[in-house]
Amino acid sequence: MITLSPDFAQEMQKYGEDTALACFNCGTCAAICPLLHEHFPRKMIRYIQIGARDRIMEHADELWKCLHCGLCTQTCPREANPGEIILSLKRMVVDHWRES
Ligand code: SF4
Ligand code: SF4
């Protein structure tokens, strides 16, 4: 069972992330991402929006596959900065691992 955290998007601000709520899930970032992997990075941004921290932790290994090429950020029509969101999620995951 997945627990949703309504304040998760706000919590992510301490990791440098404050653009996920601007995303309107158009899918451009997932289409342009060279990884072509299961709607990455769009799905990670959607997980932030709905507060699905557990789901991000389940798929945390995918974050480290990001090439930081910047294509997603360059093509995002909402300036949601998905590349930076992936970096922020990595900071969150490392913080979580350190505490556990
Ligand atoms: S391209 Fe931007 S607006 Fe579209 S799904 Fe990706 S982050 Fe969201
Ligand atoms: S920065 Fe990462 S998520 Fe964005 S397009 Fe490149 S590999 Fe994909």
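Here, each number is a calculation from the coordinates, and none is a lab measurement. Keep in mind the model is a prediction, meaning the values are calculated, not measured. In this analysis, Cβ positions are derived from the backbone assuming ideal geometry, glycine residues included, and neighbour counts consider all displayed protein chains.
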Inset, instruction - Would you check if there is a residue in the range 28-43 being within 15 Å of ligand 1 (Cβ to nearest atom), loosely packed, with under 14 Cβ neighbours inside 10 Å, of a type in the set (G, A, S) and not in a helix (DSSP H, G or I)? - result: no
Legend entry - Test: residue in the range 45-58 that is free of Cβ contacts under 8 Å to residues at least 60 places away in the same chain, under 14 Å from D18 (Cα atoms) and near ligand 2 (Cβ under 9 Å from one of its atoms): no
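Would you pick out the residues in the range 71-82 that are assigned to a helix (DSSP H, G or I) and either out of contact with any helix residue (DSSP H, G or I) (no Cβ under 6 Å at 6 or more places or on another chain) or more than 17 Å from Q13 (Cβ to Cβ) (or both)? Talk me through it step by step, then tell me what you get.
So the first thing to find is which residues in the range 71-82 are assigned to a helix (DSSP H, G or I), and the list is 71-75, 82.
Passing the criteria: L71, C72, T73, Q74, T75.
Which of the residues spanning the range 1-27 are of a type in the set (A, V, I, L, M), touching a residue at least 12 places away in the same chain (Cβ under 8 Å) and more than 16 Å from ligand 1 (Cβ to nearest atom)?
Going through the range 1-27, the residues of a type in the set (A, V, I, L, M) turn out to be 1-2, 4, 9, 12, 20-22.
Filter again for touching a residue at least 12 places away in the same chain (Cβ under 8 Å), leaving 2, 4, 9, 12, 20-22.
Once the filter is applied, which keeps residues that are of a type in the set (A, V, I, L, M), touching a residue at least 12 places away in the same chain (Cβ under 8 Å) and more than 16 Å from ligand 1 (Cβ to nearest atom), the range 1-27 yields I2, L4.
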Inset, instruction - Determine if the range 84-100 includes at least one residue that is away from ligand 1 (no atom under 16 Å from the Cβ), part of a loop (DSSP other than H, G, I, E, B) and crowded, with 16+ Cβ neighbours inside 10 Å. - result: no
